[in-house]
Structures are given as structure tokens and as C-alpha cells.
Amino acid sequence: MKNKNLDNIRGKKVLVVGMGKSGIAAAQAMLKLGAEVSVQDSKDRAHIDGQLLNFLEGKNITCYFHEVPVADAKFDMLILSPGVDPQLPFVQEAKAHGAEVIGELEIAYRIARGTFVAITGTNGKTTTTTLTGEIFKRSGRKTYVVGNIGVAVISKALEADEDDWLVTETSSFQLETIRYFKPAISAILNLTPDHLNRHHTMAAYGAAKARIFENQDENGYCVVNYDDKLCSSLTKGCKAKVIPFSLKEELAPGAYLRKDGMLVIAGENGERAVLCHRDDLKIIGDHNVENALAAAAISYFSGIEPQLIRESLLAFGGVEHRIEYAGEVDGVKFYNDSKGTNVDAAVIALKAIQKNIILIAGGDGKGQKFDGLIEQLPGRVKHMVLLGRDGKQIAETAERHGFRDYSFEPNMDACVKAAFAMAKPGDTVLLSPACASWDMYDNFEQRGDHFKTCVRRLAE
């Protein structure tokens, strides 16, 4: 039920937990709607941005920095930023005292007047979301590309009109705190181990992802990867019309790669549209063909003409930090795949580049096992340069598998210099960490930007 309880926000006590992009945007939106806002963050006051502090103090907002709310503090609603675990004791205590605990995605849905498209999956979310947004914009629709992609959903929610579209990248963290969220079209791209330090089991992780369609009905669509059986099995209870995409099977309805390499979309009434050849795409690798098929299916079943979809597919050059070309120095190519924050994402990058790779990996492993990464190294990776908190764990896994061509460096600058020193013309230095960035950087974007800066310095 959209907009439920909005008439009651004015005067309500709202605690926004986490002062990242989404948390700040949520606090601002709640202030506009007349709520009594408090904020909490695990960082201490000294590590909070000064401009943000001035804003909060200017609004007389109660701040709990590096502390939890006082025991007798009572809240009507807690809005959690995506990185905040709903199981935190003070969150559970607030819930036990009657507070509604939701996330930024849910509150954004309640206050937005536009139509939502929601895209999730372990990998490919950003590419698919960005490409879908480009197709929607080409069709003439006013479109906001938001969510886990770096633009808080709620920051655009009050701006969107009824005819606008919010193409939204959604993480499992965001989905586990929804209540009424109901996209017109949802998509689940794939499902491989990730965030198990938070969800603990694949079953729980999959269940969080599957929440993307739990409020959809027969009028909606759910686009799903037919080739990923674990992923497609999640849709067994889905009430929306399931639209599969595949690299292996011809589907009707659905989107698929024909045996001759053409991307094809098949509608519900038997109609088929040939979009383009896979070799005409600017984005490389099987995973990007999957992303293109998913974006095409989302767009087609939202009512966009195949010709406009085709034009967008041919024009799309990819997204920053996902197998992003970062330059060439003395015949050595550099690719920035900082968004490869898990093993499966790194494997995808390795397969896309294929051979003669010097791999830079390591960081916060998030409780993953690295066997799947190491198994893909022979024949592709000449040497692995490791850094970060869990670089040692990657090395230990490599040793168990008999791969000993690795070394350690203390920081990104040293990694890039070491990789370049051992590379020969025709080799590729690939940053695909298979780990999150939080042990060394604020986010993967900062890590990727630092890598590109280090590459530029080589050429100076």
C-alpha cells in the first residue's frame, strides 16, 4: 500500500541510523515532512564531516555519534542505512518498544509518486541498472537512476512525479528492511555467495534477494536469469509474470542469445525482435551479454520499442569501476574492476580478459572462501599482487591449490608499481580485488579512483 502512514510522519520521532549518502538524504526528507529527527552513526564526532555537523546542529538534531540512543529514548520509526545490521541490539530494542524498523528504500517508496523498476543480484546490478536507465531516457521517459548505484533513492523520491520512473539498484541489505515496496518490474540477475558475514547462509541471502518481488501481483513482471538455477528457483512463489533471460536457451516470452550471436527479445504474444549481435556491444564478456539481455527485457516489458532498446545497447560503453579501461603504459593495459567486491565478480573479470593477467586482489573478504577465485587463475593469471586485511587468506588458499605466483604489497601505489614492473608488453594489469574496500578505503569508488591515479603516475 503506497504512501501508507505518510500523513502521520509529521511530528513523529524518527531515528536515522547511518550517516552515509542514504542516511543524510533520509534525514533531510524526514525534516521536510515535519518529523522530529535524530541521527546515529558508529563513527565518533571527530570523524564526521564538518559540513554535515553544521547542518545537523543548525537543525537542532539530536546526534548519537559512536554511541547508542539513551535507554529511555522512544522512537516511532527507525530508518536504517543499507550497511546497518537490523539485528543490532539497540535496533531490536527500539523495535520491541513499538518502533517501525525500515530502510531508506522503503521510506523512499512510500513518499515517491513515480513508478519503480528494481534490479538486484550478486553481480551486474550497476551495469544493468545504468543501461536500463539509458534505455528509458532514450525513450523519452523522465528517469531517475538511483539506489545502491550511488544516488540515494530518497534523495529523488520527493522530486519524482507520477509519470516518472525510478530505475533502482537494490542490494540484499536494502531489501531486508522493506515492507510495502512494490516495483512494477523487478529483476534478479544471479545469485552467488556474498555478504555471508551478514546473512550467514545462502538460503538467508537468497531469501533477502527474493523480497524484491514479494509485494508484486499478476500485473507486474519479474525478470530472472534462466541459466542460474539457484537464482531462477527463487521465483517459485512469485505472483508477477516471470520473464526469463538466457545465453543458452531460446525462450518465449523472454530474452535470449541466439546461436548465431544475436540478442533477441520474445514477447507474450509470440512476437520476436532481433536487437543486435553480441560483437556489436561495447561491453565485453558473457556476463555483460546477460546484463544487456536483462536490461532489454525490463525495457521491452515496460513498453519501450525494440529499436530504441537496440540503439541504447549499441551506444552503451559500460560503467565506471566495472572492468573499466584505465589506460596503457609501454604496451601494458590496465583495467579497473574495483566493483569486483566478491569472488564471483572477480572471476567474471578474469574470464572477460582471458589471459596474460597480473591480478591485484585483496581487502575485506566479508567471510568468503577464495577457492573459486584460485581455481580460475591457471592459464589466465601470471602473478597475483595481494594487499589488504584478507590478502593473506587469499595467499593461503592459493598455496592449497598449488598456485605460488603471488606477492604482497602494503598499499595500492606499491601494488601498481610492482605489477607494472613484472608485466611485459601485451599483458594486462587487472584490479579485481574479490573483496570489499572497507579495510583500506571508504568505498570501492575511492579504491578504483586511487588505482587509476596510480596508473596515471606511471605514465608521467
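The values are calculated or read from the model by the stated rules, or taken from the named source; none is laboratory data. Because the structure is predicted, anything quoted here is derived from the model rather than measured. Counting neighbours? That spans all protein chains shown, and the Cβs are built from the backbone with ideal geometry, glycine included.
Before moving on, here are some points about what is shown:
- The residue of the range 241-300 that is surrounded by the most Cβ atoms within 10 Å (Cβ to Cβ), among those that are more than 25 Å from the chain's Cα centre (by Cα) and assigned to a helix (DSSP H, G or I), is ASP280.
- For the range 377-412, filtered to residues that are in contact with an Asp or Glu (Cβ under 9 Å, 6 or more places away or on another chain) and of a type in the set (Lys, Arg), the residue that is nearest to GLN354 (Cα to Cα) is LYS382.
- Restricting the search to helices (runs of 4 or more DSSP H) fully inside the range 123-194 and requiring at least 1 residues that are among the aromatic types (Phe, Trp, Tyr) and in the same structural domain as ASP286 (by TED's automatic domain parsing) gives 125-138, 172-175.
- ASP41 being under 24 Å from the mean Cα position of the chain (by Cα), surrounded by 22 or more Cβ atoms within 10 Å (Cβ to Cβ) and of a type in the set (Asp, Glu): yes
- Applying the criterion of being assigned to a loop (DSSP other than H, G, I, E, B) and at pLDDT below 90 to the residues of the range 195-215, the residue that is surrounded by the most Cβ atoms within 10 Å (Cβ to Cβ) is HIS195.
- Meets criteria (closer than 21 Å to VAL347 by Cβ, touching a residue at least 40 places away in the same chain (Cβ under 8 Å) and under 21 Å from the mean Cα position of the chain (by Cα)) for LEU189: yes
- Against the test of being at pLDDT below 95 and of a type in the set (A, V, I, L, M, F, W, C), the options ILE348, ILE394, ILE374, ILE357 yield a single qualifying residue, ILE348.
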